[in-house]
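Shown next, in structure tokens, is the structure this report addresses.
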Number of protein chains: 2
Amino acid sequence: MNAVKPKILKGFRDLLPDEIIAREKVVSAIREVYESYGFVPLATPAIEYKEILLGYGEEASKQIYLFREPDGGEVGLKFDLTVPLSRVIAQYRDLPRPFKRYQIQPVWRYDKPDPGRFREFVQFDIDTVGTDSMAADAEIISAMHDCLVRLGLDFRIRYNSRKVLNSLAIFSGIDTGMSHALFRVIDKLEKQGLENIKLELGPGRKDSSGDTIPGLGLGDEQVSKIIDFLSMKQQSRDGTVRTLEKLFAGVDGTGEGIAELREINGFLDAMEISEERVVIDLSIARGLDYYTGPVFEAILTGKEVAGYGSVMGGGRYDNLIEKFAGEKVPATGASIGIDRLLSAMQKLGLVEARPSIADVLVTVMDRERLIDYQRIAHQLRSAGIKTELYMGKAKSIGKQLKYADRIGVPVAVIAGSEEFERGEVSIKDLRVIKETTVDIKDRKDYVEAKIGQKTVPVDRMVEEIESIISD
Amino acid sequence: MNAVKPKILKGFRDLLPDEIIAREKVVSAIREVYESYGFVPLATPAIEYKEILLGYGEEASKQIYLFREPDGGEVGLKFDLTVPLSRVIAQYRDLPRPFKRYQIQPVWRYDKPDPGRFREFVQFDIDTVGTDSMAADAEIISAMHDCLVRLGLDFRIRYNSRKVLNSLAIFSGIDTGMSHALFRVIDKLEKQGLENIKLELGPGRKDSSGDTIPGLGLGDEQVSKIIDFLSMKQQSRDGTVRTLEKLFAGVDGTGEGIAELREINGFLDAMEISEERVVIDLSIARGLDYYTGPVFEAILTGKEVAGYGSVMGGGRYDNLIEKFAGEKVPATGASIGIDRLLSAMQKLGLVEARPSIADVLVTVMDRERLIDYQRIAHQLRSAGIKTELYMGKAKSIGKQLKYADRIGVPVAVIAGSEEFERGEVSIKDLRVIKETTVDIKDRKDYVEAKIGQKTVPVDRMVEEIESIISD
């Protein structure tokens, strides 16, 4: 028989049960937090017209899977969730404003695949569209905070305002046309350190491999103003705002950015967001050119997960949706890096990876009585206990328990003719076996020795199992 | 400004919040049922190699979105979930067997788009792979039953075995090569009625538009045997098996199909599945040629949703996965028609369509105090109540309540300077307004008249709101 050789595209992956079960725990925790703030779900098609996908600029085309649909249209797979959101805002004019939506869908990018970097990945975006209130930005930051607390991670959220960075440009006498270049240098502070940044602002520098990184060519006084700004000691949120007020005092056009940060501070205080976890960091610029106001990102601070980079991030983009809607529509939002969060949590042992959802495996000692075993399984399911009836080929209970152990089911039910006659079942707490250091091939002895095993009347079965799995 | 014109491909759709919220309720109810039987989730990429997609035959290519990926490979969007499942089974040889998986993912088919028929739709498949035990088939039927009960629908599940239909072919002296044609005629019984079927088995007939439907050309005695079989009175599950035993008595090769049905009956009895809802129907064949054993389908029986056709269906396909795995891998499974189920439930008023998930809208009477309103919202969220802070442009409370009403939030919190000073808030039960017949433009009066409204101390706010939303 000519079998079709199973293979999968480079940069793509299957999510097997253990992976997707763990992932679903992370996603649903985050979804619940955003729903508690009143965000609602949206889903858009995988395929969009090419002209929609390139609505923000031709540059994206390099990474888009473009093709011609059978009807003849030039189309492609969506590469982000912001373009479809903009299309939706433009297309359905009667959506409530503000429109607070979350969207959890795959996107496709023809990037160089790396370990941990895929060409198809699920993006989780949250955005509030149609309000310029800083309350919206503060809510997104606050919900980011709540998500990370709920996931049990150590983290820091850092925020800033592009307007404050614009003020820095004014304050340092830097041309508006150069400000994005300035922001990109500033954004490297954490990775490169202050000395390298100083060189990149001025004459340029050589990197570790000897390559030249051109500098912005700023004068000494300009560089020193920027470095002073970036060296500002970490202070309380309000402390930073007061320092900025002093620094920029008397400089025209610097009031708005400071006011944004002050407003956000007020909302964060009202929502009891800790100063230790959520701080202003004036070096945060975020890469994308389209941000217009507050920008924010979350990093993990645990030692084992240092170097994971930003796990959530975003900002306000008041001029972007206009390209679709034809009118100014202010918006702010964030993307959540589900893959990074999940692998950090796996590294920290915060998510259990087991390829099963069931709590109980009903083993089959006597195949002639399969119906009786299915009846037991049915009783357990009716009591709300997730139950799998063993349907594999193994006849020995030892091998069936090995299967239970492998898929991570915590409880096995065992019954043979004797038990059936007496109206009893044996319940085996498999976590007890797991805790012993006995090799798996000896497990059969453990079954026979009935370790972690207890025989109870059938009408006490549910109660006994509940007491084990609720532990 | 040159705005990009928002448009979407023919046969594709956006799922706006009200639609996706309703859909998620249906999907999660079904998922919970299948998880209670020990099924685990799987996800596979949207894009597969063309040779994988055509692994079961070239015929599928007409409906597949095929294209060339930038790396040069011939690829396409997946059009079902059975092909990827087969690939996964062949690719990961160490998956537990049986592998009981559910998969909820979009698929793409270049079909003629119709109202209610889309080129991108979410498929919900459940399959048990690697066992030939009828316990697996019975579980899929039983879980179908549990899903429909949980969704509150009136339904009937009908099952049969392809082997019994093969027995009918033997019994009627019909050539094996003709049996699929026979099954396709039998499958039309419900739609066409016994008389038309009789003609299609024999000389053929003309349909209502005068077109000729060719017949199978069977002899009178053959036709009469088949008609007798199809006219068998609806009986209890075991009754049907006994009748079949009598009918096929002494005919070689007819035992296996009957044995399958008998086994399934035993399991269904053990799982206390009602005889009224789940019956043997000997005319069920299911369209696909690849079924080899039990076949089953669920239809809705409510008067308002007659004509919705089958909402869940499937069967056993023991020879299909072999094309990928190179070895025989028995499997059985079903597909759930989420779109049909959802639209039936909407028609029956069983799912509430509201474009919001929040339970409370905190209105803003005094914009200078936005921080105080955000504090109230935070208190409610901390108590587990989903809460949206009003961030729209409307200043009047009347208009804000109109917004609350529109997005379907059941409770509004109202507070002005007076309330803040006294440490109180007003809580408005918006369902009371909904129940009045007052036109929406007069609602402002209702606010002023404080209908459904109650003023309580802030520390009783959570308790009051909980008592309203738990109603």
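The values are calculated or read from the model by the stated rules, or taken from the named source; none is laboratory data. Fair warning: this is a prediction, and the values are worked out from it, not measured in the lab. Virtual Cβ from ideal backbone geometry, glycine too; neighbours counted across all protein chains shown.
Have a look at A:LEU216, A:LEU189 and point out the one that is touching a helix residue (DSSP H, G or I) at 6+ places or on another chain (Cβ under 8 Å), at pLDDT below 90 and hydrophobic (A, V, I, L, M, F, W, C).
Details: A:LEU216 fails: at pLDDT below 90.
Testing whether each residue is touching a helix residue (DSSP H, G or I) at 6+ places or on another chain (Cβ under 8 Å), at pLDDT below 90 and hydrophobic (A, V, I, L, M, F, W, C) leaves just A:LEU189.
Just the residues that are of a type in the set (Val, Ile, Thr) and within 8 Å of another protein chain (Cβ to nearest Cβ), please, taken from region A:364-384.
Passing the criteria: only A:ILE371.
Between A:GLU32, A:GLU48, which is part of a strand (DSSP E or B) and modelled with pLDDT of 95 or more?
Being part of a strand (DSSP E or B) and modelled with pLDDT of 95 or more holds for just one of A:GLU32, A:GLU48, which is A:GLU48.
Would you check if B:LYS402 is in the same structural domain as B:ILE451 (by TED's automatic domain parsing), basic (Lys, Arg), under 39 Å from the mean Cα position of the chain (by Cα) and at pLDDT 90 or above? Break it down stepwise before answering.
On the way: in the same structural domain as B:ILE451 (by TED's automatic domain parsing): yes; basic (Lys, Arg): yes; under 39 Å from the mean Cα position of the chain (by Cα): yes; at pLDDT 90 or above: no.
The answer is no for B:LYS402.
Restricting to region A:355-412, name every residue that is touching an Asp or Glu at 6+ places or on another chain (Cβ under 9 Å), part of a helix (DSSP H, G or I) and of a type in the set (S, T, N, Q).
The answer is A:GLN374, A:SER382.
So, in region B:108-119, of the ones that are more than 10 Å from every other protein chain (Cβ to nearest Cβ) and not in a loop (DSSP other than H, G, I, E, B), which residue ends up farthest from the chain's Cα centre (by Cα)?
Only one residue fits best here, namely B:ASP114.
What about A:ILE104, is it within 11 Å of another protein chain (Cβ to nearest Cβ), touching a Phe, Trp or Tyr at 6+ places or on another chain (Cβ under 7 Å) and not basic (Lys, Arg)? Before you say what the answer is, go through the steps one by one.
On the way: within 11 Å of another protein chain (Cβ to nearest Cβ): yes; touching a Phe, Trp or Tyr at 6+ places or on another chain (Cβ under 7 Å): yes; not basic (Lys, Arg): yes.
Spelling it out, A:ILE104 is indeed within 11 Å of another protein chain (Cβ to nearest Cβ), touching a Phe, Trp or Tyr at 6+ places or on another chain (Cβ under 7 Å) and not basic (Lys, Arg).
Say whether the condition of being at negative phi and in contact with a strand residue (DSSP E or B) (Cβ under 8 Å, 6 or more places away or on another chain) is met by at least one residue in region A:242-250. Even if it seems obvious, please write down each step before you answer.
Taking region A:242-250 as the starting set, the residues that turn out to be at negative phi are A:242-249.
Checking which are in contact with a strand residue (DSSP E or B) (Cβ under 8 Å, 6 or more places away or on another chain) leaves us with none.
No, region A:242-250 has no match at all.
Being touching a residue at least 12 places away in the same chain (Cβ under 8 Å) and either more than 10 Å from chain B (Cβ to nearest Cβ) or within 22 Å of B:SER356 (Cβ to Cβ) (or both) is the filter here, so list the residues in region A:72-85 that pass it.
A:GLU74, A:LYS78, A:PHE79, A:ASP80, A:LEU81, A:THR82, A:PRO84, A:LEU85 - these are the residues of region A:72-85 that are touching a residue at least 12 places away in the same chain (Cβ under 8 Å) and either more than 10 Å from chain B (Cβ to nearest Cβ) or within 22 Å of B:SER356 (Cβ to Cβ) (or both).
Which members of region B:318-328 meet the condition of being touching a residue at least 40 places away in the same chain (Cβ under 8 Å) and in a helix (DSSP H, G or I)? Can you show your working first?
Initially, region B:318-328 is screened for residues touching a residue at least 40 places away in the same chain (Cβ under 8 Å), giving B:318, B:320-321, B:323-326.
Scanning region B:318-328 gives B:LYS323, B:PHE324, B:ALA325.
Looking at region B:37-64, which of its residues are touching a residue at least 12 places away in the same chain (Cβ under 8 Å), more than 8 Å from chain A (Cβ to nearest Cβ) and either of a type in the set (D, E, K, R) or surrounded by 20 or more Cβ atoms within 10 Å (Cβ to Cβ) (or both)?
Across region B:37-64, the qualifying residues are B:LYS50, B:LEU53, B:LYS62, B:ILE64.
So that you can scan it fast, the table gives a plain yes or no per residue for (1) part of a strand (DSSP E or B); (2) more than 9 Å from every other protein chain (Cβ to nearest Cβ):
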| residue | (1), (2) |
| --- | --- |
| B:ALA90 | no, no |
| B:ASP94 | no, yes |
| B:LYS100 | yes, no |
| B:GLN123 | yes, yes |
| B:ASP132 | no, yes |
| B:ALA136 | no, no |
| B:ILE140 | no, yes |
| B:VAL149 | no, yes |
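Just to be sure, is B:VAL425 among the aliphatic types (A, V, I, L, M), surrounded by 19 or more Cβ atoms within 10 Å (Cβ to Cβ), modelled with pLDDT under 60 and within 44 Å of the chain's Cα centre (by Cα)?
It is false that B:VAL425 is among the aliphatic types (A, V, I, L, M), surrounded by 19 or more Cβ atoms within 10 Å (Cβ to Cβ), modelled with pLDDT under 60 and within 44 Å of the chain's Cα centre (by Cα).
Of everything in region B:62-87, what is polar (S, T, N, Q) and either within 26 Å of B:THR128 (Cβ to Cβ) or touching a Leu at 6+ places or on another chain (Cβ under 6 Å) (or both)? Give them in sequence order.
Answer for region B:62-87, where residues must be polar (S, T, N, Q) and either within 26 Å of B:THR128 (Cβ to Cβ) or touching a Leu at 6+ places or on another chain (Cβ under 6 Å) (or both): B:THR82, B:SER86.
Could you tell me which of the residues B:LEU85, B:LEU153 is in the same structural domain as B:ALA334 (by TED's automatic domain parsing), assigned to a loop (DSSP other than H, G, I, E, B) and at pLDDT 95 or above?
The unique qualifying residue is B:LEU153.
Touching a Gly at 6+ places or on another chain (Cβ under 7 Å), more than 7 Å from chain A (Cβ to nearest Cβ) and not basic (Lys, Arg), is that true of B:VAL26?
In short, no.
Condition first: buried (at least 21 other Cβ atoms within 10 Å of the Cβ) and at the interface with chain A (Cβ under 10 Å from one of its Cβ atoms). Now tell me which residues in region B:326-358 satisfy that.
B:SER356, B:ILE357, B:ALA358
May I ask you to verify whether B:PHE67 is at the interface with chain A (Cβ under 7 Å from one of its Cβ atoms) and either in a strand (DSSP E or B) or closer than 25 Å to A:TYR390 by Cα (or both)?
The answer is yes for B:PHE67.
Is it true that B:PRO6 is in a loop (DSSP other than H, G, I, E, B), in contact (Cβ under 8 Å) with a residue 24 or more places away in the chain and facing chain A (nearest Cβ under 7 Å)?
Criteria not met by B:PRO6.
Quick check on this structure: which one of A:SER86, A:SER142 is of a type in the set (Ser, Thr, Tyr) and more than 18 Å from A:TYR290 (Cα to Cα)? Step through it out loud before you land on a result.
Numbers: A:SER86 fails: more than 18 Å from A:TYR290 (Cα to Cα).
Sole residue among the options that is of a type in the set (Ser, Thr, Tyr) and more than 18 Å from A:TYR290 (Cα to Cα): A:SER142.
Among strands (runs of 3 or more DSSP E) lying entirely in region B:177-295, which contain 3 or more residues that are closer than 26 Å to B:TYR317 by Cβ?
In region B:177-295, the matching strands (runs of 3 or more DSSP E) lie at B:278-280.
Hey, can you tell me all the residues within region B:329-343 that are outside any helix (DSSP H, G or I) and of a type in the set (S, T, N, Q)?
Answer for region B:329-343, where residues must be outside any helix (DSSP H, G or I) and of a type in the set (S, T, N, Q): B:THR332, B:SER335.
When region A:326-364 is examined, which residues are found to be over 18 Å from the mean Cα position of the chain (by Cα) and hydroxyl-bearing (Ser, Thr, Tyr)?
Residues of region A:326-364 that are over 18 Å from the mean Cα position of the chain (by Cα), as a first pass: A:326-331, A:354-364.
Within region A:326-364, A:SER356, A:THR363 qualify.
Select from region A:70-92 the residues that are surrounded by 22 or more Cβ atoms within 10 Å (Cβ to Cβ) and of a type in the set (Ser, Thr, Tyr) and write down the one among them that is nearest to A:TYR102 (Cα to Cα).
Among residues in region A:70-92 that are surrounded by 22 or more Cβ atoms within 10 Å (Cβ to Cβ) and of a type in the set (Ser, Thr, Tyr), the one nearest to A:TYR102 (Cα to Cα) is A:THR82.
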